[in-house]
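Accompanying notes for the structure given below.
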Amino acid sequence: MIRHLISISLFFCLTQATMGLEKLDSLKRTLQSATVDTSKIDIYILLAEEIREQDRNASIEYLENGITLAKQISSKRRLLKCYDQLCINYRLGLQYIKLPSIQKKMADLASDLGEWGMCSKYLGDVGYNYMLLSDFPAAIEYHMKSLRIAEEHELRMGIAASNINIGMVYYRLEDYNRSLEYYESALQNYLAVDSKPGVAGALLWIANIRAANNENILAIEKYQECLQMFQRLGRELEVGICYCNIGLVLSDQGKMREAHEYQLRGLAIYRQLNENQYVLGALHDVSESYLVLNQPDSALKYITEGIDLARKFENKDGEAIALKIRAAIYAEQEQWEKSFTDYKQHRVLVDIMFNEGKSKDIGKLEAKHEFETAEIERKRLEIEELRLQNEQKSRRDNLQYSGILIFLVLVFAGVFMLGRVSIPIRLAEGMIFFAFLLFFEFTLVLLDPYIEEYSSGAPAIKLAFNAVLAGLIFPLHSFFEERLKGRIVK
């Protein structure tokens, strides 16, 4: 029976793999035969999605091809899609250092398209990734930019999300009072649009702040309020979080039996949802409460389960905490050798995590340095390219101005020669009018940058400048017209 089941499973896996390869080959053939650039970009995106799990580098390469093509045909929406898929690849590869620069481009594209909600979201994503990189000033800067755009365009959900994000950064910085201000603001905005999940989430954060400030009574009130909302919404994971957090606050108050009941409720929900990381945290809390309630055997049972779970998922932090708790349980049972062994393993894991943390910090600094160096070089090249473009434009404009000026000189020379030939008066008037019209237009083109700078683009001011210029040229036109008419009549 077991062999039969294994054979079926193996057949299913092979079938799925074959279907995946067939789809990949089909997309590649479609790409080769595609003649429309937009279709090619769409296929690049599909190929990147299809091959992402097997070969992330190939997926990134497909997306870079799509990005290049989207830039060539100025397809901003498809460029956004390519960037979005590229961000997914970098997130899966934990390459957070590469995300902010891409998300900034996405925000600019969304702004160009007038998609202000998306623009605000992408700026918020930039801030969130800076927070993950522990660059808190940059995180707050971009969350503030996200908030300003949401406020300018009266996007209530965007305003609320930005406030939550800013509150999260200040929470990480342990500036609980400022964090609370932003969570309260988020709550008011969610209430304004009647977003019940948003209201419940904001209340949960506010409860966390109250708990962190040791305002236990207020914290439990808020936890109970959002608990009821999550229950009505059917959000089981959040219900479990509320139960466990209430348990922690009650344990701080010394109400261990009541706290223990809430912790067991939270643990049961986490088990039901198969949320193993949450299960591990709840096992820590439950075992500690059993120890305080003088039930070391039950405490030992739960914490041993926690150690096994932590090792299964290679969670060193969770394992270290669990070993320390079990060492305390063995000490309570006067099993000194076992207690010493667990505590020694706990210290080894703590040292390993410390060294790994330092290595990661060094890696982050090196990656940040490389990224910043690449950004500086990219900006230098952009500035150099812009300088060359400006030089080319300046040379082109100078040549055109010179050509126009020479043409005007020739036109006026021709007008002044009218007195030497016999032509109809009407034709002479027309030629004089045409010459001064060209002179007027040339002067407008020449002065336009200065007029634009002074007027800031205001139509009324520009019109006033044009009127003044016309008023100055009009007497000259009348003077030359009379003189030339007199010469022709003679």
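Points to keep in mind about this one:
- Approximating the spin labels as points 7 Å out from Cα along Cα→Cβ, the LEU132-to-ALA268 distance works out to 3.6 nm.
- Added length on full extension, which subtracts the Cα-Cα distance from 0.36 nm per residue, ARG387 to ASP84: 105.9 nm
- Net length gained if the chain between ASN276 and ASN294 were fully extended (0.36 nm per residue, minus Cα distance): 3.8 nm
- Ignoring aspartates and glutamates fewer than eight residues from LYS301 along the same chain, the ones with Cα atoms less than 19 angstrom from its Cα are GLU261, ASP285, GLU288, GLU319, GLU332, GLU334, GLU337, ASP342.
- Footprinting exposure proxy for HIS346, HIS143 (fewest neighbouring C-beta atoms within 10 Å first): HIS346, HIS143
- Over 19 Å apart at the Cα level, from the set LYS40/LYS76; LYS76/LYS104; LYS40/LYS71; LYS104/LYS379; LYS104/LYS145, is no pair at all.
- Local electrostatic count at ILE41 - Lys and Arg +1, Asp and Glu -1, tallied over other residues with Cβ under 12 Å: +3
- 11 Å cut-off, amide nitrogen to a point 7 angstrom out along ARG91 Cα→Cβ, residues in region 127-164: 129
- Between GLN54 and ALA212, residue separation times 0.36 nm minus the direct Cα-Cα distance comes to 52.5 nm.
- Residues of region 128-158 with amide N under 17 Å of a point placed 7 Å along Cα→Cβ from ASP194: 156-157
- As a rough footprinting exposure proxy, the listed residues TYR130, TYR142 were ranked by other beta carbons within 10 Å of their own, and the order from fewest upward is TYR130, TYR142.
- Pairs of Cα atoms in region 176-296 fall into 5 Å distance bins, from 0 up to the last occupied one, in shares of 2, 13, 20, 20, 20, 13, 7, 2, 1, 0 percent.
- For region 264-272, putting each phi into the Karplus relation 6.51 cos²θ - 1.76 cosθ + 1.60 with θ = phi - 60° gives couplings of 5, 4, x, 4, 4, 5, 4, 4, 4 Hz, in residue order, rounded to whole numbers and with x for Gly and Pro.
- Counting charges near ASN163 (Lys, Arg +1; Asp, Glu -1) among other residues having Cβ under 10 Å from its Cβ returns a value of -2.
- The residues packed around GLN333, meaning those with a beta-carbon under 13 Å from its beta-carbon, carry a net charge of -2 if Lys and Arg are +1 and Asp and Glu are -1.
- From least to most packed, judged by other beta carbons within 10 angstrom and beginning with the fewest, TRP205, TRP116, TRP336 follow the order TRP336, TRP116, TRP205.
- Of the GluC sites (Glu not before Pro) found in region 166-195, the ones in coil according to DSSP and having at most 11 other Cβ atoms within 10 Å of their Cβ are GLU174.
Computed from the coordinates by the stated procedures, all read-outs in this text should not be read as laboratory data. The shown structure was predicted, so the numbers you read here are calculated from the model rather than taken from an experiment. Reconstructed Cβ throughout: ideal geometry from the backbone, glycine too, with neighbour counts over all protein chains shown.
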